[in-house]
Amino acid sequence: MNGPKDKSRIEPRKEPKQKRSITRFHSILGSAESLIVEHGVVQMKMTDIAAHAGVPVGSVYQFFPEKAAILKALLDQRLVRLKQDIANGLTGIVDRDDARERVMTFIDHAADVHRTNAIYRELWAGMSLDPELRRVQFRAHEELGILALRFLEPFINHHESGCRESRFLLITMLTGSVLRCVAEGHDKAESLLAEWKLTMCEMLFPEESLKAA
């Protein structure tokens, strides 16, 4: 897959190092998140972020060249948390039954986070509008798939054909699609979530599928 043509437009112009800069950086991101939740990604403007954060608009541009860079920073924050949640949820698995239950529990947790935090709905929308952010999202799915495989590989079917990395990438992408439905409040989101949990376990632990609740 081709990389972004202009990576600089979705990356912070500089990383804050001093305490004051770090505080301002996070204040800007917090204001952006509040405005996104209240008005949506499309309506959010850099001038509005500056006014909400109580800083000159130049301070916003000092860190972020444009709105896409803010969206990526918000995504990066959540990606760090999600990776930690995966590590916490899948560390110390004892057997296949435990692995299956851990996966189901994690998906329920992720769904609840998307269901109760409007920022996820808007981030999904923002990612879909920008080609470079869609590439970032794809790479995030790759990273999450590799991380989940690291914990679950000892417990999945080792006689199946195919590339495990590709299978876990597919799982993370499909999980993301279902979670987007949950975040957007689609009428069939909950039934899709329940069906996906069963389908995913059939993919990972096929002999366990008959035990699915």
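Only one of SER161, SER191, SER128, SER166 is at pLDDT 95 or above, of a type in the set (S, T, N, Q), out of contact with any Cys (no Cβ under 8 Å at 6 or more places or on another chain) and in the same structural domain as LYS72 (by TED's automatic domain parsing). Can you tell me which? Talk me through it step by step, then tell me what you get.
Numbers: SER161 fails: at pLDDT 95 or above; SER128 fails: at pLDDT 95 or above; SER166 fails: at pLDDT 95 or above.
When all the criteria are applied, what remains is SER191.
State all residues of the range 91-106 that are among the aliphatic types (A, V, I, L, M) and crowded, with 19+ Cβ neighbours inside 10 Å; if no residue qualifies, say none. First the steps, then the outcome.
Step one: filter the range 91-106 for residues among the aliphatic types (A, V, I, L, M), giving 93-94, 99, 103-104.
The answer is ALA99, VAL103.
Given (1) under 18 Å from LYS14 (Cα atoms); (2) surrounded by fewer than 19 Cβ atoms within 10 Å (Cβ to Cβ), identify the lone condition not met by GLN84.
Looking at each condition in turn, GLN84 falls short on (1).
Would you say ASP48 is in the same structural domain as GLU153 (by TED's automatic domain parsing) and within 24 Å of ARG9 (Cβ to Cβ)? Lay out the reasoning, then the answer.
Details: in the same structural domain as GLU153 (by TED's automatic domain parsing): no; within 24 Å of ARG9 (Cβ to Cβ): yes.
In short, no.
Of all residues being touching a helix residue (DSSP H, G or I) at 6+ places or on another chain (Cβ under 6 Å) and small (Gly, Ala, Ser) in the range 111-154, which is nearest to ARG180 (Cα to Cα)? Just the residue, please.
ALA111
The values are calculated or read from the model by the stated rules, or taken from the named source; none is laboratory data. Because the structure is a prediction, the values reported are computed rather than measured. Methodologically, a virtual Cβ is constructed for each residue, glycine included, from the backbone with ideal geometry; neighbour enumeration extends over all protein chains shown.
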